[in-house]
Amino acid sequence: MRLLLSIYTLLLIGRLQAQPVNEVNLASNAFYIPAEKTILYKLGDKTIPLLISQYGNSSEIVCINLHDNEFTSVQAARSVLEQKGGLLIKLDNSRQRVIRFRLRGRNYAFDPNRIFSRVGIEQTLRENSTADPYAIEEIEKFATRILNLIPEETICVVALHNNTENAYSIKSYLPGNEREKDAREVYANENQDIDDIVLTTDSMLYKKMADCGYNSVWQHNERAKKDGSLSVFYGEKNKRYINIETQHGRLSQYIEMFGKLMDILNDETKGGQFSPD
């Protein structure tokens with residue numbers, strides 16, 4: 001019995017001693033360790049941390065996460081950025097989608113991905129609380145601050161999103177559905193989960209992601225609903241933007257899709273093939 005206990009104890013100690021080594025080995029696989037900083041933005045009575053993570057020196061590819069409850073996308077993006085480099089901008093909103101604040105004695109709430117036009121700000125304020133000129137002006141300033149974080153040399157903005165099952169999917173853009181007019185072209189792969197989707201303002205990125213078998217939407221930049229979203233903002237400016245979206249929790253799928261996008265963008269950069277529509 002004593003011999004068995006001794007053997008068990010040695011095995012247990014061996015496992016405990018091995019654990020830190022495994023953790024170090026995992027950490028050492030990261031090619032880029034992010035340089036991180038936090039910018040505190042005051043909106044009414046609310047302080048919103050804007051988290052900036054720089055992986056390597058390049059800011060040509062910028063990832064942005066506006067909905068703080070869509071954290072699978074951020075976890076996946078970080079794992080890929082550690083290997084390939086880039087810039088990550090993230091809003092910290094206590095794991096909530098809607099941002100709430102108080103101004104001049106009134107309460108307001110808005111979706112931070114609907115604030116990149118005055119029309120969008122008015123719509124999202126009415127949908128979530130109430131709209132008035134004071135709140136609209138303050139949110140416009142907030143949107144400008146976010147956009148100013150994106151460097152001039154950026155060649156593609158990647159939005160990080162997650163969704164819930166069947167609430168928003170590739171079917172949303174097919175003929176007869178609510179987002180049909182927002183799409184110039186749609187590729188739906190029957191072998192892919194309908195909730196795993198990319199949406200882009202750029203025809204080349206649309207084609208390349210579709211050729212890889214991913215559900216893809218090429219946004220109709222002129223006809224898409226003017227809802228204040230970042231995709232519409234960049235579509236109107238004819239700049240490269242792509243949204244990668246999977247269901248919450250589908251980490252490996254997100255890593256795969258985002259990794260493929262980064263490979264495409266990096267290959268284009270090396271080959272000098274960037275030519276926005």
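Just so you know, all these numbers are worked out from the coordinates, no wet-lab data involved. This is a predicted model, so every value here is computed, not measured. Virtual Cβ from ideal backbone geometry, glycine too; neighbours counted across all protein chains shown.
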Using a/c under 1.5 as the rounded threshold, could you call segment 144-277 rounded, prolate or oblate? The axes a ≥ b ≥ c are square roots of the C-alpha gyration tensor eigenvalues, and prolate needs a/b larger than b/c, oblate otherwise. rounded
Say the cut-off is 26 Å between C-alpha atoms; which of Lys208/Lys237; Lys171/Lys207; Lys90/Lys237; Lys141/Lys260; Lys181/Lys207; Lys37/Lys141 go over it? Lys141/Lys260
Aspartates and glutamates within cross-link reach of Lys226: Cα-Cα under 17 Å, excluding same-chain residues under 8 positions apart? Asp111, Glu122, Glu127, Glu140, Glu178, Glu180, Asp182, Glu236
What's the FRET efficiency of Arg95 with Ala167 using the Cβ-Cβ distance as r and R₀ = 25 Å, to the nearest 0.05? 0.85
Cross-link reach from Lys84 to aspartates and glutamates, straight Cα distance under 15 Å and at least 8 residues apart if same chain, gives Glu60, Glu256, Asp263, Asp267, Glu268
Per residue of the chain, what 222 nm ellipticity follows from adding -39500 (n - 2.57) for every DSSP H run with n ≥ 4, rounded to the nearest 500? -12500 deg cm²/dmol
Express as a percent, rounded to the nearest 5, the fraction of DSSP beta bridges in segment 35-271 (both residues included) that run antiparallel. 60 percent
Whole-number D in µm² s⁻¹ for segment 35-271, Kirkwood Cα-pair radius fed into Stokes-Einstein, 20 °C, 1.002 mPa s: 118 µm²/s
Only helices at least 24 Å long along their own axis, judged from Cα atoms, and with Kyte-Doolittle mean hydropathy of 0.5 or greater: name those in the chain from DSSP H. 2-28
Label 7 Å along Cα→Cβ of Thr269; segment 136-172 residues with amide nitrogen under 11 Å? 154-156
